[in-house]
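The values are calculated or read from the model by the stated rules, or taken from the named source; none is laboratory data. Because the structure is predicted, anything quoted here is derived from the model rather than measured. In this analysis, Cβ positions are derived from the backbone assuming ideal geometry, glycine residues included, and neighbour counts consider all displayed protein chains. These area figures cover heavy atoms from the full protein model, side chains too; ligands, DNA and RNA do not enter into them. Shrake-Rupley method; radii C 1.70, N 1.55, O 1.52, S 1.80 Å.
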Amino acid sequence: MAATQTPTSQPTKSTRDGFGEALLEIGRANPNVVALTADTFTLSRIDMFAKEHPERTFDVGIAEQNLLGIAAGLASTGLEPYVTSYAPFLTARSLEQLRNDICYTGFNVKVCAVCGGIAISVGGSTHHAIDDLAFLRAIPNITVLVPADAVESYKLTKAMAQHPGPTYLRMGGRAPEPLLGIGDYPVEIGKASQLREGKDLTIIACGSLVLPSLRAAEALAGEGIEARVLSMHTIKPLDRDAIVKAAKETKRIVTAEEHNVHGGLGGAVAEVLAETVPVPMRMLGIKDVFATIGGLQELYDLYHLNTQGVLETVKAVLEA
Amino acid sequence: MSESREELLARLLDRATAVRAGVMVALNAAGSGHVGGSMSIADVLTVLYFHTMRYDPKNPRWPDRDRLVLSKGHANAALTPVLAEAGFYDKELVKTFNKLNSPFGMHPDMRKIPGCDMSTGALGHGLAVGVGMALGARLQNKGFRTYVIMGDGELNEGSIWESAMAAARFGLDNLVGIVDRNRFCLGSATEDTMPIEPLADKWRAFGWAVREIDGNDLAQVVDTFDAAPFVEGKPTLILAHTVKGKGFSRAEDRCDWHYQTVNEEVLEAALAELQAPGQRS
Ligand SMILES: Cc1ncc(C[n+]2csc(CCOP(=O)(O)OP(=O)(O)O)c2C)c(N)n1
């Protein structure tokens with residue numbers, strides 16, 4: 001199972017940019033859209049929207065709890081706030097504001113997080129969000145989205161504008177991420193996007209692990225193993241039908257995500273399988289440790305969040 | 001033989017210069033990082049570690065040591081060379097900053113860095129921890145002091161003010177807060193983002209004894225730490241007016257140097273400036 005390690009010469013574009021471009025279009029069409037940030041103006045790419053609509057853009061300073069509370073209040077008056085900051089500070093830091101003031105109330109606030117996962121690799125554990133999906137999975141009323149690349153990020157941002165209610169969009173960091181480069185495909189909230197057909201197993205991935213999963217599937221095809229690949233960009237509400245179908249048709253499941261193996265996509269899929277079609281399954285993710293310091297690619301390699309890691313996980317599930 | 005004031009200030013100036021050079025070496029190893037806020041706080045850290053604080057580099061967890069919480073943890077590029085200069089570890093290790101499995105990343109990790117008293121990075125946490133440390137000292141009849149360094153932008157976090165109230169309520173005169181008033185947060189000037197003035201009045205209103213100083217003037221920093229606590233029964237707040245990027249002209253007073261690339265050319269330019277005696281004001 002020889003696999004090439006990411007990255008290669010794949011064209012890149014930030015998921016942040018896909019979001020920022022979509023927000024600009026949404027904001028042009030809808031005067032109720034308001035953008036907010038907590039001293040992360042440029043990084044979160046609301047600068048594009050802000051340039052055209054300075055009167056609808058607010059920087060509350062380094063105060064993320066305040067940020068989410070203000071967004072709730074704005075939404076209560078009928079406006080549609082898009083709030084941006086780093087993933088750990090929009091979730092762990094402000095979790096109660098997010099839960100009580102936005103999810104409990106059901107306000108139409110779009111929580112748009114940059115630097116999800118370990119994107120700020122050298123920032124250390126205070127700046128990593130490998131628990132955000134677990135937090136949000138346990139909170140009712142919120143839609144949770146994890147785009148695989150800038151194209152999915154753009155499409156999901158456009159889709160969430162048409163999808164009232166609390167929504168969390170988890171994007172990557174400063175460095176542009178590789179584009180999947182597989183052409184146009186439907187990206188719909190609540191529906192897994194099938195990126196590759198296969199009958200021998202299914203790899204269900206989200207975010208930065210989708211591309212390595214596609215590469216792994218390619219390598220597996222060379223050995224006569226046909227892996228289905230799903231981009232599970234909607235963690236909540238989860239596409240149970242696609243999971244059950246995959247379990248019935250391919251008999252084996254692998255999940256892959258830039259998150260703790262506890263409580264994220266893997267856990268969500270396992271919950272579905274346990275109650276429906278309990279086929280063998282293995283999960284790839286960070287194994288319940290605070291990640292070390294290093295470059296992003298170095299950490300991806302260290303924690304096997306790469307093509308090789310997907311292949312190892314596939315091997316384990318095939319041997320199960 | 002006791003050190004004269006001139007000798008003390010000359011020694012501290014040498015240290016501060018070495019620390020600033022260390023900031024640039026660390027961030028060059030990283031490729032980029034928080035230049036502005038690391039350079040602005042270099043003089044305060046220098047006086048704390050080479051004049052004011054009691055600690056034992058051979059026994060980093062000595063229970064009676066003075067504590068430092070770098071609440072603006074993104075200035076770890078300054079703390080890293082300071083603790084090396086203080087003898088907690090080899091200065092060569094500074095060059096591992098941000099490298100794979102290094103103890104030193106963008107923010108300090110107390111489980112990996114000898115001499116580091118608290119892991120920080122998310123802004124707005126440090127003062128609460130400092131209140132707990134100071135209260136712990138008093139409960140256990142220990143004489144150590146706790147120093148907490150905050151950014152001015154960091155004061156936007158409401159949690160800081162919860163802790164400010166608590167420190168006054170508990171009368172913690174063994175607690176010293178330092179605000180690095182370099183006038184910028186990440187994206188712009190604090191007063192353009194979310195104004196924090198009148199700052200000295202705010203801290204006074206919250207029950208702290210406040211002094212404003214030039215935080216890049218070593219003599220003033222020395223005298224101010226020597227004078228703490230300013231009022232018995234009150235927590236001490238030093239409002240240190242500083243220049244963001246201080247010591248490297250390209251970075252001074254510039255918001256875009258909050259976080260910048262530090263390649264070889266930048267490193268050489270900075271080191272040349274730091275070694276030129278004219279710059280050692
Ligand atoms: C809770 C939290 N929100 C946002 C950040 C990202 N951040 C890092 S540094 C910074 C600006 C800090 O400004 P200030 O406190 O004035 O520090 P200084 O200017 O001294 O560097 C921000 C917003 C963070 N580290 N923690």
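Quick rundown of the values:
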{"quantity": "Segment A:279-296, subset in contact with a helix residue (DSSP H, G or I) (Cβ under 8 Å, 6 or more places away or on another chain) and more than 14 Å from every other protein chain (Cβ to nearest Cβ), residue nearest to residue B:105 (Cα to Cα)", "calculated": "A:285"}
{"quantity": "Sole residue being within 14 Å of another protein chain (Cβ to nearest Cβ) and modelled with pLDDT of 95 or more, chosen from B:128, B:164, B:134", "calculated": "B:128"}
{"quantity": "Filtered residues of segment A:89-116 (kept if open to solvent by 10 Å² or more (accessible area, probe 1.4 Å), within 12 Å of chain B (Cβ to nearest Cβ) and not hydrophobic (A, V, I, L, M, F, W, C))", "calculated": "A:93, A:97"}
{"quantity": "Residue tally, condition open to solvent by less than 10 Å² (accessible area, probe 1.4 Å) and either more than 10 Å from the ligand (Cβ to nearest atom) or in a helix (DSSP H, G or I) (or both), over segment A:65-87", "calculated": "9"}
{"quantity": "Residue B:176 being under 21 Å from the mean Cα position of the chain (by Cα), more than 16 Å from the ligand (Cβ to nearest atom) and among the β-branched types (Val, Ile, Thr)", "calculated": "yes"}
{"quantity": "Condition broken by residue A:175, with the remaining ones in (1) within 30 Å of residue B:72 (Cβ to Cβ); (2) touching a Gly at 6+ places or on another chain (Cβ under 8 Å); (3) small (Gly, Ala, Ser) satisfied", "calculated": "(2)"}
{"quantity": "One residue from A:269, A:289, A:254 being of a type in the set (Val, Ile, Thr) and surrounded by fewer than 18 Cβ atoms within 10 Å (Cβ to Cβ)", "calculated": "A:289"}
{"quantity": "Residues (touching a residue at least 60 places away in the same chain (Cβ under 8 Å) and within 16 Å of the ligand (Cβ to nearest atom)) located in segment B:99-146", "calculated": "B:106, B:129, B:130"}
{"quantity": "Search result, residues across segment A:123-142 that are aliphatic (A, V, I, L, M) and within 14 Å of chain B (Cβ to nearest Cβ)", "calculated": "A:129"}
{"quantity": "Criterion: open to solvent by 10 Å² or more (accessible area, probe 1.4 Å) and outside any loop (DSSP other than H, G, I, E, B) - qualifying residue of B:95, B:99, B:112", "calculated": "B:95"}
{"quantity": "Pairs, first within 12 Å of another protein chain (Cβ to nearest Cβ) in segment A:297-308, second part of a helix (DSSP H, G or I) and surrounded by 21 or more Cβ atoms within 10 Å (Cβ to Cβ), C-beta under 7 Å, six or more apart", "calculated": "A:299/A:121"}
{"quantity": "Some residue of segment A:32-46 being part of a loop (DSSP other than H, G, I, E, B), in contact (Cβ under 8 Å) with a residue 12 or more places away in the chain and in contact with a Cys (Cβ under 6 Å, 6 or more places away or on another chain)", "calculated": "yes"}
{"quantity": "Condition met for residue B:276 (without any contact (Cβ under 8 Å) to a residue 12 or more places away in the chain and over 30 Å from residue B:171 (Cβ atoms))", "calculated": "yes"}
{"quantity": "Pairs, first part of a loop (DSSP other than H, G, I, E, B) in segment B:46-74, second within 16 Å of the ligand (Cβ to nearest atom) and β-branched (Val, Ile, Thr), C-beta under 9 Å, six or more apart", "calculated": "B:71/B:120; B:71/B:129; B:71/B:148; B:71/B:149; B:71/B:160; B:72/B:41; B:72/B:120; B:72/B:149"}
{"quantity": "Some residue of segment A:51-64 being without any contact (Cβ under 8 Å) to a residue 40 or more places away in the chain, among the aliphatic types (A, V, I, L, M), away from the ligand (no atom under 13 Å from the Cβ) and within 14 Å of chain B (Cβ to nearest Cβ)", "calculated": "no"}
{"quantity": "Sole exception among (1) buried (at least 24 other Cβ atoms within 10 Å of the Cβ); (2) under 13 Å from residue B:245 (Cα atoms); (3) more than 14 Å from every other protein chain (Cβ to nearest Cβ) for residue B:21, by number", "calculated": "(1)"}
{"quantity": "Unmet requirement for residue B:159, which otherwise passes all of (1) within 12 Å of the ligand (Cβ to nearest atom); (2) within 16 Å of the chain's Cα centre (by Cα); (3) assigned to a helix (DSSP H, G or I)", "calculated": "(2)"}
{"quantity": "Looking only at segment B:147-156, and only at residues there that are in a helix (DSSP H, G or I) and out of contact with any Lys or Arg (no Cβ under 6 Å at 6 or more places or on another chain), the one that is nearest to the ligand (Cβ to nearest atom)", "calculated": "B:153"}
{"quantity": "Single residue of segment B:86-108 satisfying the filter (in contact with an Asp or Glu (Cβ under 8 Å, 6 or more places away or on another chain) and within 14 Å of chain A (Cβ to nearest Cβ)) that is farthest from residue B:18 (Cα to Cα)", "calculated": "B:100"}
{"quantity": "Residue satisfying all of: in segment A:117-146; surrounded by fewer than 24 Cβ atoms within 10 Å (Cβ to Cβ) and among the polar types (S, T, N, Q); nearest to the ligand (Cβ to nearest atom) among these", "calculated": "A:125"}
